[in-house]
Amino acid sequence: MVSGLINENPIVYEIKERRDVRAYSSNTDELSVDAIDQLEVKLNICSAHHIRDIKDPEHPYSLEQLKVLTEDSVEVDDTKSRVRVTFTPTVEHCSMATIIGLCVRVKLMRSLPSRYKIDIRVAPGTHATEAAVTKQLNDKERVAAALENPNLVEMVDECLSPSFE
Amino acid sequence: MAALNNLTEHLEAFVDVTRSPTHHAESLKAIATSLEKSVLSINQLVVEMDMYLTTTDDVVRARGILLLAEMLDYLKSKPLDNAVVNSLVGFFTAKLAEWRSVRGALSGCLALIKRKGVAGLVTATDAEAVAKSMAQSVQVQSLALYDRKLCFELLECLLEQYPEAMINLGDLMVYATCEAIDGEKDPPCLMVAFHVVELLARLFPSPSGPVASEASDLFEFISCYFPLHYTHTKGDEASIPREDLSRGLSLAISSTPFFEPYAIPLLLEKLSSSLPVAKVDSLKCLKDCAVNYGVNRMKKHYEGIWSAIKDALYASTGTDLSFGLESLTSPGFEMNEIHREAVNLLQRLVKQDISFLGLVADDIRVKMIFDTISRYSRYEEMLDTSKLEVLVVSQILSVSARASVESCNTIFETFFVRLMNTLGIVESTSTGDLVHNENSTVSTRLYHGGLHLCIELLTASKDLIPSSEEDSSTPGCAQQSWCSIVNKFSASLIEAFTSAVQSSNDDCTADAYLGVKGLLAMGMFRGGSSPVSRSEYEKILTTLTSIIAANSAKTVKWELALKALVCMGSFIDQYHESEKAMSYMGIVVENLVSLVRSSHCSLPHPMILEATSEVCSTSPTYVEKMVQGFEEAFCSSFSDFCVNGNFKSIENCSQLLECVTNKLLPRVTEIDGLEKSLVSFAISMWNQIESSVVFSYAFNGREFVEAAMKTMRQIVGVASVNSQNSIIQKAYNVISLSTLPAMESIPLTFAALEGLQHDLSTRDELILSLFASVIIGASPMASIPDVKSLIKLFMVSSLKGYIPAAQALGSMVNKLGVGSGGTNTSSDCSLEEACDIIFHESFESGNTNSSDVTSKTICGSETLLAKICLGFYGSLDLQTRAITGLAWIGKGLLMRGDKRVNEIALVLVECLKSTNSSGNALHPTAMKHAADAFLTLMSDSEACLNRKLHAVIRPLYKQRFFSITVPILESLIVNSQTPLSRTMLHVALAHVISNVPVTVILDNTKKLLPVILEGLSVLSVDSVHKEILFSLLLVLSGTLTDIKGRQSVSDNAHRIIECLVKLASYSHLMVVRETAIQCLATLLELPHRRIYPFRREVLQAVTKALDDPKRRVREEAIKCRQAWTSISSRSTPF
C-alpha cells in the first residue's frame, strides 16, 4: 500500500486532563440517568483504541494525542439521538483520512444505541479532498459496501482492537 | 564390596555425557553420600577412578576430573589427610594447563583452596603454585561463562586466604588480574572481578608496590565499565542487579589512592553527562573516593568537585516549595536521586575537611543570596530563578551545617548574623557594629526566602545536638558558638515566627506555614543545653495552643499548628525530655482538655476533640489526662442534658463517644494504661446514668444511644476479664435499681406478653441497651450475675422489639459455660438451663390454647417461642419480633456448634411454608422476617458475635449450616404451593448460598447451579429483593470464572445465558446489569460450540444495553459486544 510513512514526524499533544470528577458520582441513585455526552463519545472513540496502518503501526499514538479528535469536535444531542464527529487529519494529503473516518464510524455504530444518526466529517480546510471524503463517509451504501470487503473489515477490526494501556 | 560395585555404576553414569543432567546429579549425590558416611575413602575413590582420570579419551577424562572436583566440593567440611590434599592440589594444578579438562581442574582447585578450619589445608607453597599455574596457563577470556566465573572466584579465594603467598608473587597477580578482566562482559563475573581488584589494592598498599606501578593499566581495565549500563535487561532475572554491580565497581574504583589521578577527572567528566544514571553513579563513586583517597589527595580536585555539586543541585531542584501539611517535617520539595547523592557527597566532604567549607562560603552565588532574599517579601512573587537560588543555597548551607559541629559554627558565624540583619532582627549602627534590635518585632520584615533559609539552618543545627551530647568528652553544645548565636537571637526569632503566623490570613498559607515551621524548629532542640530557654519554649507552646483554641473553622493554619504540636509531643516522648514534658503537659494538654470540658467555646466540638486526641496520643501520661477530661466532659454534658434539656450537650456527648470509639479504642494495644482509663470511663458512664434518675426530656433520635452502645461494647471488648467483671457488676447494680426488674417477673406466657403494651421509658431503654452492649462485649470468662433472670429480662424485651436484647441473648447462649475450660464456676446457670428458659418455659396459667392438640406435633418444638413464631398466638408484631429474636439466638448457638440450632432452623423453615403443618396460613410479613433470619444467621455482624467481642466461633460453622439447610430448602422449593412461599424460600436459600465461602459453592456447582438460576429468575420479579439478587449474582459470577465449576457451567450454558440476558435489562439496580453483562463476557471462555448458538440472543441483549441510562453499564456493554462480535462471523461487523 503506502511506502514509507505519510506523516513521518507528527506533533504529539499532551492530553487534556479528563474531567472524571463527574464520572460516577451518581452511583447510588438508581433513577438518575447519565445522558450520553461529548466526553463519553470521545472516550469511546479514542481512549482504548489506536489507529494503525495495516502493516506497520504508523504511529503508536492515540487519535487524541495527535489531536485528530478532541472533545470539542464531538457534538452529541442525546434527546434527538444525533452525533456529529469532526476530525482533523494530521496532514492535508493524509490518505488515511478515509480509513480513520471509517474506523470512527464503525466504532460508533458498535458502541452507540441504534437510535443514533451518525455524521462524520473532515474539519473544513484541513484536507485536500475534504468534501469527497466527507461525502464518502456518510454514504450508507458506500460504507456498507466497504464493510463487505473482508480486507477492509479486517483492517478496521485491527484498528479498533482494544489496546490495554 | 557392594558399595564399590555401585560406585562403578555411578561413575559410568556420570561420565556418560549422553545421560540427562538429573541422572548425573543422582549419581553424584550417591557417591557423595557414601564418602560422607566414610563407607568410601577419598583414596579409594581416586584409585577406583584411576582409569577415568588418565584415559586418553578427552571427554571421559574431563568428566572424571570434574567428578573428583565435585566430590571435593561436597567434602569441604570433612577433615582430610594433609598428604592427600597435597597430592590432589598438585594434580589439579597440573591439569590447569590442559584446556579440555580446565573446568574440573578449576573446580578442584577452588574446592581445595576454599577449605577452612578443618584438617587438610592447602599449604601456602601449594597455593602459590596454583596461582602461578593459573596465571601462566589459563586464558580466562577464551573460556565459557561458567569457567570464567570459576577463574575469578579462584583468584578471589587465593587473595583472601593466602595473602602472604600472593604478596610473594607480586607483579604476577596484578598482571594475571588485568589480563583476566580485559574484555569481560558478564555481570556475575564482573562482580567477582571488581572484588578481586579491591583485594589486590588492599594487599599492595605501598607506593612502590605492583598496584601503584600498574595503577594506570589496572584502572583502565575497570574504568571502561563506568557508568554501568545494561544492554540486555530482559530475560536475565537470575543475573546480578545493576545496583549491586555498580556498588562493586564503585568500591573497586575507590579501593586505592593510586587511582586518584585517573579516577577523579573521569568521574567529573561523567558527572557532566546528561544521563541521570551516570550522574548518580558518579556522585556515589565520588563519595566513596572521598572516603578512601584521603583529604590530601582530594584537595586538588575541590574546585572541580564543588562546581560539579553545585551544578547537580541546581539542575535537580524544582522551584515548587510546598506549603502543605505533609511537608512540615520534610524539606518541602521533591528530591530525586541525583539531588540526594549530591547532598550526601557535599556532607561527606565538609565533614571530612572543614577547608572545603571555604569554597562554599566564598562562592559568589551563595553570597548573592542575601540580595535575592531582601528583594522579595512573598515567595509567590519571586521569579523562578530566585526561588531556585533560595532553595539550593539554603540546601547547601543546611547540609554543610549538618556535617559537623565545626562546620555548623562556621556557617552560623558567617551567615546567620547577616541573615538576622537582613530579616531586620539585628540592625547595624552607624559605627558598623551589629546591635541586637530588641524592639524590632513589629518592624520585622517578613521575607519568605529569608525565613526559609533561617528554618533550614535551625533544623540542620538541631540535628547536631544528639551526636555531640552522647559523647561526654566533647564540650556540651552550649559552649559551641552556633549555639550561643541561636541563643542570642532566640527571643527575637520566636517573635518573628509568631508574628508571621499571626499576621497570616487564609489566602496566604506561606506565612502560616513558615511561621509554624519556624516555631517547630525552635521547639525541637534537645536536652538541657538547648539554645532555647524554658520560658521561650513555653512561649512557643502557648502560641501554637492559642492558634488551635482561637480558630473557629478548620483552616490550614489550624491544621499546621496541630501537626506541629503533635510533632513536638512525640519528640518529647521519644527523647524522654522530662522538663519539656512538664511544660507541654501544663500548657498544651491542660488547655486542650479544659477546652473539652468547658461547654462554651468558640471552637466546634469535633475540632476540639480531634485536636485533643491527636495531641494527647503522643504519650501515655497525656492519654490518661485526656480520658479523665473526657470523663468529666461526658458527665457534665450528660447531666446538663438531663436537667436542662440542652440538646447541644447530648450532641456533644455523642461526638465525644464517637471520638473515643474511633480515635482511642483502636490504639488500645499501643498505649499502656489506656485500657484502665477507658474502663474507668465506662464505669463513670454508668455512674452518671445511675445518678440522673429523672430524664426530663426525651431524646430526639437514637444517635446518642447508638454511640453509647458502640463505645460501651468496644470498651468491654478490649478490657481484661477482671475489668469486664467490674463493669458488669456496676451495670447490674444500675439495672437492678431501675424499673426493669419488674419485667423479669413477667411470666413468659402468651397472655402476659400480649399485655405488654406500654413502652419502656427513655431511661430504661438507655439502660437496657447499654446493659445489652456490656453483655455482648463480655468474654466467656467474665462472670455474669443472676443469669436466669437476665435471660428472662432479655427474652421479654426482645419480644417487645428491642433488637439489642435479642443480640445479647444470642451472645449469652453463645458464651455460656465455655469459660475457664469447662469448669464453670462463674455462672450460676448452664447452657442447658438457659435453653430451657428460652425454649421450654411452659404455660403456667391455664391458657385455653395450650391444650390445642395439633400444636403438639410441630417439628418437635412445642415451645412457646416456636409457637409465637408460627403465629399460633398473638399479634403479627409479636410474631415478627419472636422470629428476629430466634434468629439471633440461633446465631449464637450456631457459632458455638450447638445442635439446637437445627431445631431453630426447622422452625424458621416452617415459617416459610405457605401453610404450616397445622394448616394456618402465614402472614407475608412474618415470612419475610423468617427469610431475613437466614441472613442474620449466616452473615458476619459488626454489632455482636464477632471475634473482637469474644464470640465462641467453631470453625466451618457456616458450612455446617449450609449442608443442613440447603437440602431442606431445595426440597421445599420443589414442593412449594404458592408463589409467595416459593419466593421467600428462594430468598432464604440465597442468603445461605451467598454467605457461605465460595469454595463450598464450587464443590457443589453441579447441584446448586440450577437452583441459583431459578432463584435469580424468581428474585428478579420484585424490586424488593434487589440486594439479595445482586449477592446471588455475584455467587454465580464466582462459579463462572473458576475452573472447578467449568463443566457444569458448560452443561447449563443455555440456562445461564437466558438468565443473564434477562438480568442485563434488570431495571432496579445498576450493579446487577453491569455484573450480568460482565458475566456474559466471561462466558466467552467456554468452548466455542457451547456458546456459538446463543450469539444472536446475547448480541441483541447487549445492543439494547448500549442505550442503558447508566454510563458504567454502557461501557461494559461496549466491551462485551466487541468480544461477542468477534466470535460471530466476519460478515456482520456491526
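The values are calculated or read from the model by the stated rules, or taken from the named source; none is laboratory data. This is a predicted model, so every value here is computed, not measured. Positions of Cβ are backbone-derived with ideal geometry, glycine not excepted, and every protein chain shown enters the neighbour counts. For accessibility, only protein heavy atoms count, side chains too; no ligands or nucleic acids. Shrake-Rupley method; radii C 1.70, N 1.55, O 1.52, S 1.80 Å.
Under 5 Å between amide hydrogens, which residues at least 5 positions from B:ALA951 or on another chain qualify, with H placed 1.01 Å from N in the peptide plane?
Under 5 Å from the amide H of B:ALA951 lie the amide H atoms of B:ASN946, each far enough along the sequence or on another chain.
Under a point spin-label approximation (7 Å from Cα along Cα-to-Cβ), what is the B:LYS114-B:ASP311 distance to one decimal in nm?
Going by the 7 Å Cα→Cβ label model, 4.6 nm.
Whenever you get a sec, line up A:ASP139, B:ASP363, B:ASP1051 from highest to lowest accessible area (probe 1.4 Å, protein heavy atoms).
Result, largest first: B:ASP1051, A:ASP139, B:ASP363.
Can you put B:ILE953, B:ILE455 in order of accessible area, largest first, using a 1.4 Å probe? The partial results should precede the final answer.
On the way: B:ILE953 50, B:ILE455 5 Å².
Of B:ILE953, B:ILE455, the descending order of accessible area is B:ILE953, B:ILE455.
Where in region A:128-148 does accessible area fall by at least 10 Å² between the isolated chain and the complete protein assembly, at a 1.4 Å probe radius?
SASA drop of 10 Å² or more in region A:128-148: A:LEU147.
Using the alpha-carbon atoms, what tilt in degrees (0 to 90, nearest 10) does helix B:1070-1082 show relative to the longest principal axis of chain B?
The answer is roughly 50 degrees.
How are the alpha carbon pair distances in region B:532-617 distributed across 5 Å bins from zero to the largest one, expressed in percent?
3, 15, 28, 26, 16, 8, 3, 0
Partner chain Cβ atoms within 10 Å, averaged over the residues of A:105-112 - can you pull that number for me? Present the calculation step by step, with values, prior to reporting the outcome.
Working: counts 1, 2, 3, 1, 2, 8, 9, 4.
Counting other chains' Cβ atoms within 10 Å and averaging over A:105-112 gives 4.
Sorted by accessible area with a 1.4 angstrom probe, largest first, how do B:LEU251, B:LEU493 fall?
Working: B:LEU251 55, B:LEU493 5 Å².
Highest to lowest solvent-accessible surface, that is B:LEU251, B:LEU493.
Could you check the simple spin-label distance between B:HIS23 and A:SER95, using points 7 Å along Cα→Cβ, in nm with one decimal?
Once both label points are built, they end up 6.1 nm from each other.
At 1.4 Å probe size, what's the solvent-accessible area of B:ASP371? Round to the nearest 10 Å².
Near enough 80 Å² of accessible area.
Which of the lysines could a cross-linker span from B:LYS185 if the Cα-Cα distance has to be under 20 Å and same-chain partners fewer than 8 positions apart are dropped?
B:LYS149, B:LYS234
Rounded to the nearest percent, how much of the accessible area of region B:1-86 (1.4 Å probe, protein heavy atoms only) is carbon and sulfur?
On the way: 2510 of 4600 Å².
C and S fraction of accessible area: 55 percent.
Given a 1.4 Å probe and every protein chain left where it sits, what share in percent of the accessible area of region B:582-723 is carbon and sulfur?
Accessible surface attributable to carbon and sulfur in region B:582-723 totals 51 percent.
When the accessible area of region B:922-1015 is computed with all protein chains present and a 1.4 Å probe, what percentage of it is carbon and sulfur?
59
At the nearest 100 Å², what buried accessible area, both sides summed, do you get for A and B when the probe is 1.4 Å?
Chains A and B together bury approximately 2200 Å².
Give me log10 I(q)/I(0) at q = 0.08, 0.10 Å⁻¹ for chain B, Debye formula, one equal scatterer per alpha-carbon, no solvent.
-1.12, -1.13
Calculated FRET efficiency, B:LEU266 and B:ILE953, Cβ-Cβ r, R0 41 Å, to nearest 0.05?
0.05
Go ahead and run the numbers for FRET between B:SER481 and B:ARG375, Cβ-Cβ distance against an R0 of 30 Å, rounding to 0.05.
For B:SER481 and B:ARG375, the calculated efficiency is 0.50.
Kindly report the accessible area of region B:1-86 per residue (heavy atoms of protein chains, probe 1.4 Å, no ligands, DNA or RNA), in Å². Walk me through the intermediate numbers first.
Numbers: 4600 Å² over 86 residues.
Dividing the accessible area of region B:1-86 by its residue count gives 53 Å².
What are the residues of region B:1092-1115 that lose 10 Å² or more of accessible area, with a 1.4 Å probe, going from their chain alone to all protein chains?
Going by heavy-atom accessible area, the residues of region B:1092-1115 that drop by at least 10 Å² are B:THR1103, B:LEU1106, B:ASP1107, B:PRO1109, B:LYS1110, B:ARG1111, B:ARG1112, B:ARG1114, B:GLU1115.
Angle check, please: helix B:187-203 long axis (alpha carbons) against the longest principal axis of chain B (alpha carbons), in degrees 0 to 90, nearest 10.
Roughly 50 degrees, rounded to the nearest 10.
Label 7 Å along Cα→Cβ of B:THR669; region B:924-959 residues with amide nitrogen under 15 Å?
Of the residues in region B:924-959, B:947-950 have backbone N under 15 Å from the label point off B:THR669.
Between B:SER546 and B:SER239, 0.36 nm times their residue separation minus their Cα-Cα distance comes to what?
104.6 nm
Accessible area per residue of region B:532-617 at 1.4 Å probe, in Å²?
I get 39 Å² per residue for this part.
Quick one: accessible surface of B:MET368, probe radius 1.4 Å, all protein chains present, in square angstrom to the nearest 10.
The value for B:MET368 is about 90 Å².
Can you send over the solvent-accessible area of B:THR56, 1.4 Å probe, protein chains only, in Å² to the nearest 10?
Number for this one is 130 Å².
In nm, to one decimal, how far is the modelled label at B:SER38 from the one at B:SER216, with both set 7 Å along Cα→Cβ?
Between B:SER38 and B:SER216, the simple spin-label model gives 6.0 nm.
Counting pairs of alpha carbon atoms under 8 Å apart in space and at least six apart in sequence, what relative contact order in percent does chain B give?
Once normalised by length, the contact order is 4 percent.
For q values of 0.11, 0.13, 0.14, 0.20 Å⁻¹, compute log₁₀ I(q)/I(0) with the Debye formula on a Cα-only model of region B:1005-1133, without solvent.
Ignoring solvent entirely, the Cα scatterers give -0.34, -0.48, -0.56, -1.14.
For a distance above 20 Å, tell me the whole-number percent of Cα pairs in region B:866-977 that qualify.
Tail of P(r) above 20 Å: 40 percent of Cα pairs.
Which of the pairs B:LYS580/B:LYS710; B:LYS663/B:LYS958; B:LYS488/B:LYS580; B:LYS114/B:LYS287; B:LYS387/B:LYS539; B:LYS891/B:LYS1110 have their Cα atoms more than 29 Å apart in this structure?
Among B:LYS580/B:LYS710; B:LYS663/B:LYS958; B:LYS488/B:LYS580; B:LYS114/B:LYS287; B:LYS387/B:LYS539; B:LYS891/B:LYS1110, the Cα-Cα distance tops 29 Å for B:LYS580/B:LYS710; B:LYS663/B:LYS958; B:LYS114/B:LYS287; B:LYS387/B:LYS539; B:LYS891/B:LYS1110.
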